[in-house]
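This report refers to the structure that appears directly beneath it.
The values are calculated or read from the model by the stated rules, or taken from the named source; none is laboratory data. None of these values were measured; they are calculated from a predicted model. Methodologically, a virtual Cβ is constructed for each residue, glycine included, from the backbone with ideal geometry; neighbour enumeration extends over all protein chains shown.
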Amino acid sequence: MTGTGWVDAVIGVVGGIVLMWFVLVVALLMLRPQRESVQEALRLLPDLVRLLRRLAADSALPRGVRVRLALLLGYLALPVDLIPDFVPVLGCADDAIVVAVVLRSVVRRAGLDAVRAHWPGTEDGFAAVCRITGLPR
């Protein structure tokens with residue numbers, strides 16, 4: 001590869017990463033729950049993390065669900081956010097939005113009974129999880 005070939009390759013990789021980030025941000029904007037749901041998810045985040053850990057450890061759940069949950073827990077453990085915190089509104093809520101989207105997917109695949117069995121919080125908290133995921137109690 002010539003000198004300009006490497007530059008073109010680096011520009012292509014960086015451009016691809018920026019494009020993927022943009023696609024993920026747009027997907028978050030389109031899939032985000034209502035503002036009230038985001039605020040509820042932020043309040044419930046400690047219980048939700050415990051729920052996700054318990055669900056990920058449940059061998060009775062399908063492997064795809066457990067993999068999604070493990071990836072989500074890894075994302076939450078990373079100090080780098082998908083959207084930086086200085087971005088208004090979405091900057092502070094991106095973790096809650098990602099949790100809500102993945103949890104919605106997990107509940108639809110694993111069933112509400114599995115979530116109910118592992119829920120560590122209060123009944124009101126479980127009702128809020130149902131609202132966030134868009135499923136009936």
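Looking at segment 90-99, can you tell me whether even one residue there is more than 16 Å from R54 (Cα to Cα), modelled with pLDDT of 85 or more and part of a helix (DSSP H, G or I)? Walk me through it before giving the result.
Step one: of segment 90-99, the residues more than 16 Å from R54 (Cα to Cα) are 90-98.
Of the ones still in play, those that are also modelled with pLDDT of 85 or more are none.
Checking segment 90-99: not a single residue is more than 16 Å from R54 (Cα to Cα), modelled with pLDDT of 85 or more and part of a helix (DSSP H, G or I).
Determine whether A110 is modelled with pLDDT of 75 or more, exposed (fewer than 15 other Cβ atoms within 10 Å of the Cβ) and more than 15 Å from the chain's Cα centre (by Cα). Don't jump to the end; show me each part of the working.
Details: modelled with pLDDT of 75 or more: yes; exposed (fewer than 15 other Cβ atoms within 10 Å of the Cβ): no; more than 15 Å from the chain's Cα centre (by Cα): yes.
Here the answer is no, as A110 does not meet what is asked.
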